[in-house]
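First the structure, in the form of structure tokens, and then the observations on it.
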Amino acid sequence: MDIMQPEEKLEESAGGHERPRSPVTPPETAPGPVPSNLVVEIYDQIYHLRGPDPAYLQQLSALVDAKMRAVAQHGTTVDSLRVAVLAALNIADELVTLRQQRDALAGNVARSIKSRTETLAEMLDAALENNRKAG
């Protein structure tokens, strides 16, 4: 996914005139679906995004916009950078919490599989022993 700069951000050209910044596009790392361009609005700023799944990009943009608006609503700051950082911290907290839950579940599943494997191995050993005694 390529994320470009907000439209209203300008940089000064050599002649002293302002011109829109050129988007920074990282090189493609692997062949895949052809990226498509999407224009989204996040916290009253327009962004041009590029990626293989416009619906997913729209979903991510809506999430970030909602988080920024929630932070702004509950805080006193009007600085959009501070709002963005606080929203990013909230999203990072959710990510870390979900990773911890996933890791805990994965640990439970691994322990369960190990226990069941040991039980099945014991049952197989007992069945083989009974078969040897009978035969």
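The values are calculated or read from the model by the stated rules, or taken from the named source; none is laboratory data. Keep in mind it's a predicted model, so treat the numbers as computed, not measured. When we count neighbours, we look across all protein chains shown, and the Cβ atoms used for this are built from the backbone with ideal geometry, even at glycine.
Things worth noting here:
- Qualifying position, being surrounded by 10 or more Cβ atoms within 10 Å (Cβ to Cβ) and not polar (S, T, N, Q), among A88, A134: A88
- Residue check for T97: surrounded by 10 or more Cβ atoms within 10 Å (Cβ to Cβ) and at pLDDT 95 or above: yes
- Note on the range 31-69: residues that are within 20 Å of R82 (Cβ to Cβ), assigned to a loop (DSSP other than H, G, I, E, B) and in contact with an Asp or Glu (Cβ under 8 Å, 6 or more places away or on another chain) amount to 1.
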